[in-house]
1. Please indicate, with yes or no, whether at least one residue in the range A:447-455 is away from every other protein chain (no Cβ under 13 Å), free of Cβ contacts under 8 Å to residues at least 12 places away in the same chain and under 26 Å from residue A:553 (Cα atoms).
2. Does residue A:665 satisfy being within 32 Å of the chain's Cα centre (by Cα), surrounded by fewer than 22 Cβ atoms within 10 Å (Cβ to Cβ) and at pLDDT below 95?
3. Residues to consider are A:308, A:332, A:342, A:327; find the one that is within 14 Å of chain B (Cβ to nearest Cβ), over 14 Å from residue B:39 (Cβ atoms) and more than 22 Å from the chain's Cα centre (by Cα).
4. Which number in (1) buried (at least 17 other Cβ atoms within 10 Å of the Cβ); (2) under 29 Å from residue A:223 (Cα atoms) marks the one condition that residue A:113 misses?
5. May I ask you to verify whether residue A:320 is over 23 Å from residue A:205 (Cβ atoms) and within 14 Å of another protein chain (Cβ to nearest Cβ)?
6. For the subset of the range A:377-401 comprising residues that are in contact with a helix residue (DSSP H, G or I) (Cβ under 8 Å, 6 or more places away or on another chain) and over 28 Å from residue A:457 (Cα atoms), which member is farthest from the other protein chains (Cβ to nearest Cβ)?
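The values are calculated or read from the model by the stated rules, or taken from the named source; none is laboratory data. Just so it is clear, the model here is predicted, and its values are computed rather than measured. With ideal geometry, Cβ positions are generated from the backbone for all residues, glycine too; neighbour counts draw on all protein chains shown.
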């Protein structure tokens with residue numbers, strides 16, 4: 001149906017008196033709506049989409065809207081506020097350890113939220129002059145910003161400062177504008193209903209709902225509004241399903257782009273990440289529709305926009321309306337005396353500047369930090385300029401006839417399809433710039449664009465054109481031919497039916513039995529995506545394992561300032577991400593990163609200083625000094641000594657103790673224990689440490705410290721080598737991964753799970769390669785298994801130590817055994833930031849010194865005697 | 001339709017709804033909320049109203065309360081001229 005046809009239908013529907021339904025039919029209609037909401041919640045629960053808090057609020061809404069429907073009108077407002085406040089208690093009282101809300105947490109949080117909220121509303125509605133009200137609101141916002149900044153630890157309230165910002169940061173601006181320009185002040189209850197509306201409590205992204213539209217009583221029959229709400233909830237759930245598939249199966253991070261085809265995949269997967277925001281908006285607004293708030297769509301087929309102005313009108317519609325109302329129109333009306341075009345140019349640029357600045361403002365409230373970046377600035381500048389060029393064109397021309405109307409021919413249809421493809425290509429390109437790490441990195445990607453990439457891009461654009469034809473142009477032509485009128489009760493609308501069928505299909509496809517029936521390696525990534533949940537994906541991001549793709553994804557990233565809020569929403573512990581200086585740089589080998597050379601900085605509460613070779617420790621010469629025995633130490637962050645001063649690491653202590661033993665025994669040699677360890681080096685990474693660094697120093701012994709992470713890190717590094725197309729030493733590991741259906745982008749939980757039966761084979765493979773590389777460098781491979789700091793004290797440590805010792809021995813290492821190194825100590829007294837503390841380091845040094853000196857296979861005495869002999873001239 | 005409404009309807013049909021059946025555009029057809037009038041169309045419509053009826057509109061009058069239907073536009077123009 002054309003826009004005019006649809007508008008006429010809506011006018012007729014609004015004018016018509018709703019046909020009274022029998023109680024049975026009314027209950028039936030409500031049950032159908034409720035069933036759709038429940039179906040969406042079941043699908044979201046099965047796939048772990050969004051936090052459990054979002055799903056709880058959906059169920060709240062499902063139960064609440066039925067009661068709300070039957071209440072007399074005078075009680076509806078009060079009921080909705082009461083339900084919203086009750087939801088706050090349930091959601092904000094959530095902790096990772098309890099399945100029910102904890103009142104000791106819920107009460108102060110809700111009190112603070114309502115307190116700040118009522119203060120914002122009270123000031124806005126007061127009779128004071130506008131300037132006084134604005135000053136008071138700014139003062140209150142500044143106070144809130146201080147609390148949000150993290151300067152003070154506010155305990156259980158830490159979680160809610162970003163949430164208060166979500167409630168008020170944009171809607172308050174629009175609210176103040178509306179009540180000031182209209183001259184009509186709503187009641188406090190009406191305002192509270194707007195600001196505290198049920199879904200807001202779980203929204204980190206809340207559409208900027210217009211107060212006037214929210215408050216205008218609906219003329220539509222309530223059941224139709226409810227049905228549209230249920231339909232949007234279903235559509236939102238489906239969009240989140242598609243987002244899961246895009247982000248977990250097709251998404252390619254910028255760093256993994258290796259050729260032109262990758263580039264096309266990167267561009268397309270990036271632009272469809274927006275489905276997450278669109279899906280959430282559909283859910284949130286759908287909930288409000290269940291309570292009779294007749295609100296418009298939040299997004300409307302934005303990938304089918306045929307111009308930049310059209311795109312701006314279809315994507316995040318509420319934001320566009322907010323910017324138009326508060327920034328664009330006021331600016332245009334002030335400037336129009338100086339000419340329409342002049343006013344148009346400045347007001348458009350002003351609107352996009354406001355959008356850019358307000359996105360930064362939003363980032364700060366949600367993440368606690370915000371930085372101006374070139375990709376972000378360029379994205380909004382270029383989009384603003386493109387919209388401006390389109391706007392000037394539209395201002396000076398008359399609209400072309402719509403499809404199916406007189407004067408619209410095949411050439412117009414083709415032109416519309418071409419414009420749509422062009423707009424899609426430009427927006428996709430711009431979107432990739434927005435999500436790029438830097439402009440330089442983004443420009444470098446385009447050097448990869450080649451003929452195959454052109455072919456895939458052309459195919460993608462052809463699909464966009466076809467979709468435009470099938471979903472918009474042909475339906476409009478058909479509707480115009482039929483002169484179709486109102487479509488009747490939309491309970492039977494094709495869109496709702498599609499949602500229902502699709503949701504049921506998704507639910508079926510998530511069943512292990514169904515997945516087993518259509519078992520195929522090519523489908524494994526989809527089955528894996530169906531077994532994930534958003535909480536574990538966030539957990540992966542905290543651990544630095546999962547990528548952090550688009551702008552909106554990064555806004556929802558769990559970092560220190562927002563961790564409390566996310567734990568509240570997800571009711572799962574999310575760990576503490578390290579935030580601070582990064583002393584490393586990327587390298588293109590299996591180490592993937594290395595410590596910066598000649599460095600001195602504060603990292604992990606400790607000064608990290610490196611020599612010119614990028615090692616913690618003193619300056620060394622490549623040539624081994626006379627009468628010196630060199631031991632190269634390989635390991636990860638525990639061995640490197642995160643959070644511990646260098647002279648208290650076990651490497652440095654071991655050197656002192658070996659020197660003392662040498663002096664005591666009259667060996668007449670000095671020891672150098674060189675620390676080559678770095679954060680998260682796997683046993684595969686150690687291969688390149690030996691080849692590229694250790695070998696140059698001609699060590700006598702290479703001491704490799706193994707631990708239980710070797711397996712998961714090894715798996716992660718092999719997967720990364722597949723993504724980055726790096727050649728592994730042989731085919732063994734790749735064959736194993738193929739058998740286990742693990743690809744380069746298989747989620748770490750599933751890759752570890754499916755490769756667990758192959759653990760001995762994979763770890764042994766890497767140890768064998770490592771010991772041979774060490775021998776190739778002319779050194780003796782020695783290894784010891786030590787539990788990582790979090791593993792100290794676990795019951796399984798002894799068995800694990802024995803298992804690893806066996807694997808190390810079988811694969812060419814002289815294996816030292818120190819299972820009791822931490823015996824008799826409280827595990828907590830040995831840890832700092834999940835790493836060894838100085839006490840743990842001293843215990844390890846002591847144990848290793850004894851093991852090295854006393855082990856005949858190593859024969860330190862013999863080696864010392866050899867090194868201590870005068871060199872023949 | 002009043003004469004003001006007729007003039008407005010003719011302008012909207014010519015400018016924003018070429019090829020459409022004029023009978024479908026009624027005084028109560030939603031214009032902004034149905035997407036017939038977008039932001040640029042709003043500015044053009046305001047320009048038309050100000051020039052044709054010698055009135056002056058404010059920025060906040062570009063919303064659905066004032067411009068969503070021909071009926072509301074007619075009332076706005078009449079109120080401004082009164």
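1. Taking every residue of the range A:447-455 in turn, none turns out to be away from every other protein chain (no Cβ under 13 Å), free of Cβ contacts under 8 Å to residues at least 12 places away in the same chain and under 26 Å from residue A:553 (Cα atoms).
2. The answer is no for residue A:665.
3. A:342
4. (2)
5. no
6. A:392
Here is a yes/no grid of residues against (1) at pLDDT 90 or above; (2) within 30 Å of residue A:569 (Cα to Cα):
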position: A:201; (1), (2): yes, yes
position: A:205; (1), (2): no, yes
position: A:209; (1), (2): yes, yes
position: A:214; (1), (2): yes, yes
position: A:220; (1), (2): no, no
position: A:232; (1), (2): yes, yes
position: A:235; (1), (2): yes, yes
position: A:257; (1), (2): yes, no
position: A:264; (1), (2): yes, no
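Matching residues to (1) under 29 Å from residue A:327 (Cα atoms); (2) surrounded by fewer than 17 Cβ atoms within 10 Å (Cβ to Cβ); (3) out of contact with any strand residue (DSSP E or B) (no Cβ under 6 Å at 6 or more places or on another chain):
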| site | (1), (2), (3) |
| --- | --- |
| A:350 | yes, no, yes |
| A:377 | yes, yes, yes |
| A:381 | yes, yes, yes |
| A:397 | yes, yes, yes |
| A:414 | no, yes, yes |
| A:431 | yes, no, yes |
| A:444 | no, yes, yes |
